[in-house]
Amino acid sequence: MNIVDVLELLVSEAAGDEGSVTEVIRPAAIIQEEAARHILQELALHDARAGGTWLAEPTVWRRYDRSLDADEPANLIGSLQVAYGTPTRYDITVYRVTVTGFGTQAGWTVASLCNEALQYGGLTLDDCPRASLGAPPKPFRFTSR
């Protein structure tokens, strides 16, 4: 993917693609070490630059309708925002998912997009352990002397 494609993708995601659905996963879904390893291996095997439909990077996993090296341009179905190494060193946290307008029209949902990636680790979004939500921090109070 060249720099123009990346910039175009960023602009389309920032513009709020009409019909797109973004869901913040609360509490965040945790993919534990063993499942994470399997998922990353499968996403690499299904890389969109080599005939597959997934483009997995350290902060986002993108799903396309076809390979990026196909004759026709690929359409982005959606993306999973992820954080590697949290809450423990080898875990992956899924915290936001977006299905584009194209993906929505094709029948994709937040759950189906997540489940396609998570299936490689033997999981679904409903099966994933969830991050524990701690109490919010105490408010900062400024006192003058």
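Coordinate-derived values only; no laboratory data. Note that this is a predicted model, so its numbers are computed, not measured. When we count neighbours, we look across all protein chains shown, and the Cβ atoms used for this are built from the backbone with ideal geometry, even at glycine.
So here's what we get for this one:
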{"item": "Segment 39-56 and segment 116-138: distance between their alpha carbon centers, rounded to Å", "result": "22"}
{"item": "Relative contact order, percent, the chain [alpha-carbon distance under 8 Å, six or more residues apart]", "result": "27"}
{"item": "Acute angle (nearest 10 degrees) that the helix 33-45 long axis makes with the longest principal axis of the chain, alpha-carbon atoms", "result": "30"}
{"item": "For residue 91, residues with placed amide H under 5 Å, excluding near neighbours", "result": "85, 86"}
{"item": "Positive-end residue of 133, 143, 85, charge dipole of the chain with Cβ unit charges", "result": "143"}
{"item": "Nearest-20 debye value, segment 21-121 charge dipole, Cβ charges on Lys, Arg, Asp, Glu", "result": "300"}
{"item": "Phi-based couplings in Hz for segment 82-99 (Karplus 6.51, -1.76, 1.60; Gly and Pro marked x)", "result": "10, 10, 7, x, 9, x, 10, 3, 10, 7, 10, 10, 9, 10, 8, 10, 10, 10"}
{"item": "Residue-averaged [θ]222 nm for the chain, counting only DSSP H segments that reach four residues, each worth -39500 (n - 2.57)", "result": "-8000 deg cm²/dmol"}
{"item": "Cα gyration tensor shape of segment 21-121, rounded if a/c is under 1.5, else prolate or oblate by comparing a/b with b/c", "result": "oblate"}
{"item": "Principal-axis tilt of helix 3-14 within the chain, Cα atoms, nearest 10 degrees", "result": "60"}
{"item": "Segment 53-130: trypsin sites (Lys or Arg not before Pro) falling in loop per DSSP and having at most 13 other Cβ within 10 Å", "result": "89"}
{"item": "Table column - 3J(HN,Hα) (Hz), segment 18-31, Karplus curve with 6.51, -1.76, 1.60, x for Gly and Pro", "result": "4, x, 6, 10, 10, 10, 7, 7, 10, x, 4, 7, 10, 9"}
